[in-house]
Every structure is written in C-alpha cells, then in structure tokens.
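The values are calculated or read from the model by the stated rules, or taken from the named source; none is laboratory data. All values reported here derive from a predicted model rather than from experimental measurement. So basically every Cβ, Gly included, is an ideal-geometry build from the backbone, and we count neighbours across all protein chains shown. Accessible surface is based on the protein model in full, side chains and every heavy atom, while ligands, DNA and RNA are left aside. Shrake-Rupley method; radii C 1.70, N 1.55, O 1.52, S 1.80 Å.
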Amino acid sequence: MKKHEKLNKWLWKWHFIAGLISLPFIIILSITGGIYLFKSDYEAPKQKYIKEVVVQGAPLSLQEQWQIANANAIKKPNALVLKTKANQATQFVSGRFSGKSSLYVNPYTGKVSGEIISKNTDMFKIRKLHGELLMGKYGTKIVELIASWMVVLILTGLYIWWPARQWNFKGFFIPRIKKGKRIFFRDLHAITGFWFSGLLLLILAGGLPWTDVFGSNFKELQKLTNTGFPKTWDGRQLQSQPKEKSLTLDQMVNKANMLQLPGVVTLHFPKGPKGVFSVSNLNTADLTTQKKIHFDQYSGKLISTNNWQDVGVLMRGRMWVMAFHQGEFGAWNWWLMLIIAVALTVMSISALISYILRKRKGSWGIPKVPVAFKIGNAVIAITIALGFIFPLFGISLIVLFIVDHIKTIQKKRNIALPNE
C-alpha cells in the first residue's frame, strides 16, 4: 500500500495527541472491564447463603411467598424468576437496571433468606467505574468521548503502522528487541493493536449503546426506522379483560413452565387491574431463542407472542454486540474478552512507556507536520462523518483544531518578529 508521507505525519500527530489524552482512561477501562468479567465467580460464594436453601417438606404456594415478599422487600416486587432446582430460594425482583433489587424467600420455611440490592454490590461499583468513572453523567460522557477517540486511534494507528515499502513478515508478530527499549515497546504497542484492532472495534460497538449522546441517537434511529422492539414487546398497550379474580402466581408459573423456554425465565406481574402477565427468557447462549409472551391475568388466555424474529435488525445487532462485549456467549467469549482486556492494558502501558522513553525534557514530544501540508477532501469527509456518528468526538476535534490553529498563528508571528 502506497502511503502519503505528509498525511502519515499528520495522522501520527493526531494519533499521538489523542493517545496522550486517552491512555490513562483506556487503562482504567481495560482493567475494570477485565475485573467485571469475574462478576459471577466473585459473587456466587458470597451470595450462596441467600440463594440456596435446604429442601425440607412441601414448599409454600408462590402466592403465599409473594405476600411475604411484598411485606419485606424495599420496593414492591414486579417480577418472579422461575426456579430450576428444588434447593433454590424464590427470587422476587423489584425495579430495573441500577435500581434493581432481588428478595429471596425460603419456599419451605417462608423466611426471607436475604435481599441483594444491585447498587450496593462490589461489582456494581466496578461497573460504575468502568462505565462512568464514578462521576455520574459527567463520567459517562467522558467514557463516551474516550470510546469515540479509540475508534479514531485504531483507524489512524492501522494506517500509521502499515508498512509502506519493506514487508517483513516477522514484523507482524515479533517486536524488535535489539534496537532499544523504545522501539521494543513501540512495536509491542503497534503489533498488539494491529492484531486486536477488529475485535476492539467490535467491543466498542458493544459499549457505545450504553452511552448518553451516541446511545440516545442510536435509539432515536431505531424509532425512525422501526428497527427496535415491536410495540407489543413490553405489553404496555395490551389489556386484560377484568373479572372478579385473577390467576394465582402458581397457576401462571405452571403456564410459564409448560412453555419450556431456555435460559433464565421471568414472570412479570400485571401493572394494574387491566395489565397482563408477561413471560420472558434471557438466553445469552442463543439470543435467537428469546421470547416475550403475554397472558390475560384473569383467564390466562394467550394475548400476544413476540419472537426474536419480531425484533428489528438494529436492536438485534445492538443486543448481540452488547452481549459479546460482556462475554456472555459462553466460555469462548469470556476467555476472548479477558485476553482482549489484558492485550489492551499491555498495548496502552507499552505506548506510555515508549512515549516516556521518547520524550525530551521541556517538550511534550508532539510530532511535527509540514506547514505546507493541506488535508485532502477524502480525509475531511471521513472526519466529518465520524464527527456526526460520534458527536462528542466531533465537538472535541473542533476544540483541538481551534487550539492548534491559534498555536500555529502564534508561531508564525514569533518567526515574523525581528530580533531585538
């Protein structure tokens, strides 16, 4: 591939500046992301006494257990997770996302074995550090900005590193050891970045839907193109035909069990006298098996069934990359995410070491670009497109260009001034 020498220097300059600003944050994101992969392994032994019970005699009815949960939960439960084993405590769920809590009832004694409040767990704090740097909405925007710049870092890095003339097959795999520490760490950074670039872009695609600006725009695009969840998915527009008495939880759980849905199956309670019972399953091993089924709360009549095929293409893609991002597709996905987290940490730290070894005292070491160089139309078009796709990147780029332009003008003025 023939490379434009001046363009290469210009891209190297902005790759350098973006990396210098982003690296500390990228290291935090890679380390916290790797730690969060161990969520289940960390929480399982700590929560075992709450989730597991001793089997003894016949269990209480789910209706009775629900009354116990209502009397003891911080928030009134809105869902029930179906059990798969006799020694499991009955899980009643309240709220969603960061406001989610689960109260567990011993089905044999009727005692509350414990309540797990998501936001009070250690792993929730790790997730918040990973997603918003423990800074709330401001932190979320910083993470989004860094993620946006990471896309640019990857794309510019590939162009800068790609061999222009001499093709050395060994250079694609092994860093140069005999040419000094700086070259070794630079090669380690570049080679790791090359081999993991595609996967890193995929991981970024899985994280960006959680962000404020990009995420909101993506959701708006789903609405405009009608490629999100179908309108009947959440059941809000569906109604039951009111009668004297609604079905008990035991009757509805029997219906839900007869569906034989794979994964974790949840029964969602009706919202009001005209609301519906809804059954959903979360099966990250095979997203195509996920369903959302709604029943009349009085007669138990099937009102609506939504399959994976009913979900719009953008939402399906979004759910896939988000599950991939969290390593939820099985052991291969988990190990791959862990390897990538380690590789990203190594890549970032090696870049930082290379910079420190390269930097001279009293200088930031920012690469220089020929004054006569002018950006081509293709580069301008790509930059503008990225600015629209990632708005925070676009805004930050404008600020950087203004600062850089002011510095350039000041340098020209200093050169033009006669020596005193």
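The figures follow:
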quantity: Selection status of Lys223, modelled with pLDDT under 95 and either among the basic types (Lys, Arg) or surrounded by 14 or more Cβ atoms within 10 Å (Cβ to Cβ) (or both); calculated: yes
quantity: Index of the failed condition, Trp332 passing every other in (1) open to solvent by 40 Å² or more (accessible area, probe 1.4 Å); (2) in a loop (DSSP other than H, G, I, E, B); calculated: (2)
quantity: Conditions (1) in contact with a strand residue (DSSP E or B) (Cβ under 6 Å, 6 or more places away or on another chain); (2) surrounded by fewer than 19 Cβ atoms within 10 Å (Cβ to Cβ); (3) hydrophobic (A, V, I, L, M, F, W, C); number of the one not met by Leu259; calculated: (1)
quantity: Qualifying residue in region 115-131 (condition: under 17 Å from Thr248 (Cβ atoms), in contact with a Phe, Trp or Tyr (Cβ under 7 Å, 6 or more places away or on another chain) and of a type in the set (A, V, I, L, M)); calculated: no
quantity: Neighbours by Cβ (under 8 Å, 6+ apart or cross-chain): first from region 304-321, within 17 Å of Thr225 (Cβ to Cβ) and touching a residue at least 12 places away in the same chain (Cβ under 8 Å); second open to solvent by less than 20 Å² (accessible area, probe 1.4 Å) and of a type in the set (Gly, Ala, Ser); calculated: Val311/Gly228; Gly312/Gly228; Leu314/Gly228; Met315/Gly228
quantity: Exclusive hit being within 27 Å of the chain's Cα centre (by Cα) and in contact (Cβ under 8 Å) with a residue 40 or more places away in the chain, set Val279, Val265; calculated: Val265
quantity: Qualifying residue in region 61-68 (condition: assigned to a loop (DSSP other than H, G, I, E, B) and not aromatic (Phe, Trp, Tyr)); calculated: yes
quantity: Counted residues, region 69-93 - those being modelled with pLDDT of 95 or more and open to solvent by less than 40 Å² (accessible area, probe 1.4 Å); calculated: 11
quantity: Which listed residue is at pLDDT below 95 and closer than 25 Å to Thr90 by Cα, from Lys271, Lys255, Lys243, Lys292; calculated: Lys271
quantity: Filter result for the condition that a residue is part of a helix (DSSP H, G or I), open to solvent by less than 80 Å² (accessible area, probe 1.4 Å) and in contact with a His (Cβ under 8 Å, 6 or more places away or on another chain), over Leu11, Leu29, Leu20, Leu7; calculated: Leu29
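Residues are listed down the side, and each one gets a yes or a no for (1) open to solvent by less than 20 Å² (accessible area, probe 1.4 Å); (2) modelled with pLDDT of 90 or more; (3) assigned to a helix (DSSP H, G or I):
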| residue | (1), (2), (3) |
| --- | --- |
| Tyr108 | no, yes, no |
| Lys119 | no, yes, yes |
| Lys125 | no, yes, yes |
| Gly131 | no, yes, yes |
| Thr140 | yes, yes, yes |
| Arg182 | no, no, yes |
| Asp187 | yes, no, yes |
| Phe196 | no, yes, yes |
| Leu201 | no, yes, yes |
